[in-house]
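What follows is calculated from the coordinates using simple rules that are stated; it is not laboratory data. What you see is a predicted model; the values in this text were computed from it and never measured. No Cβ is skipped: glycine too gets one built from the backbone with ideal geometry, and neighbour counts run over all protein chains shown.
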Amino acid sequence: MLKLFRSFIDALLDFVYPPTCVSCERLLRRGQDHVCPECWASIRQVSTGLPLYLETRDKLLVTGTVDELVSLYVFEKEGHFQKIVHSLKYSGVQAVGLEIGRQLGALLNEKGVWADALVPIPLHKRKLRERGYNQSELIARGISGVTHIPLGSDMIRRKKFTQTQTTLSLEERRNNMEEAFFCESSEVREKTVILVDDIITTGSTIQSCAGALKKAGALRIIAVSAALAE
Ligand SMILES: [Zn+2]
């Protein structure tokens, strides 16, 4: 009875406030979730010959901590992807994170990429408190649903800083960044791990996470991101 009442209320709300696309604000049809298919289709996709992909991959692979890079979309300012990811990070639309993850999972299946665990980049404690969820973890959950690779969310942790970063020199800050993560899990030994991020820009965060996992004995690190940004 309660269920029936709830679906009646949902239908009524949809009638009064019809669901619209978070990016283009067009009315959504039944079965379309937060983003219309036209918006998804219009986002530029990463190809393996794309200069931005090649440059980012070189940057990540040069130190030997990251072994491979797989990304789906190109992050363009004012583009559809920016609006979609904005809804995920700042408007609480968590379903979008899961959907991006499912798309990434399909791409990994297509490429035949396999790993022992999916590890999302941990969010700052303060940000996690503000947002209530880690968007990279939602993406990782979406990937896991499609690929059946297990989640290893607690394999990596952020170090707490007692000193404020702003009084430090650039060099000191860089060193801090390099050691901002640690891994105490013995489960990563000899394992292939997929590190999941929403957007890779400089790659320094993913590098330091990969470094921490390698230090703990991980064999191979595949960096996977929803998007690449310049
Ligand atoms: Zn749209």
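All of Ile139, Ile143, Ile121 fail the test of being touching a Ser or Thr at 6+ places or on another chain (Cβ under 6 Å), aliphatic (A, V, I, L, M) and under 24 Å from Ser204 (Cβ atoms), apart from Ile121.
Scanning region 12-29 for residues that are surrounded by 10 or more Cβ atoms within 10 Å (Cβ to Cβ) and not in a loop (DSSP other than H, G, I, E, B) yields Leu12, Leu13, Asp14, Thr20, Leu27. The residue that is surrounded by the most Cβ atoms within 10 Å (Cβ to Cβ), among those in region 33-55 that are part of a loop (DSSP other than H, G, I, E, B) and within 16 Å of the ligand (Cβ to nearest atom), is Val35.
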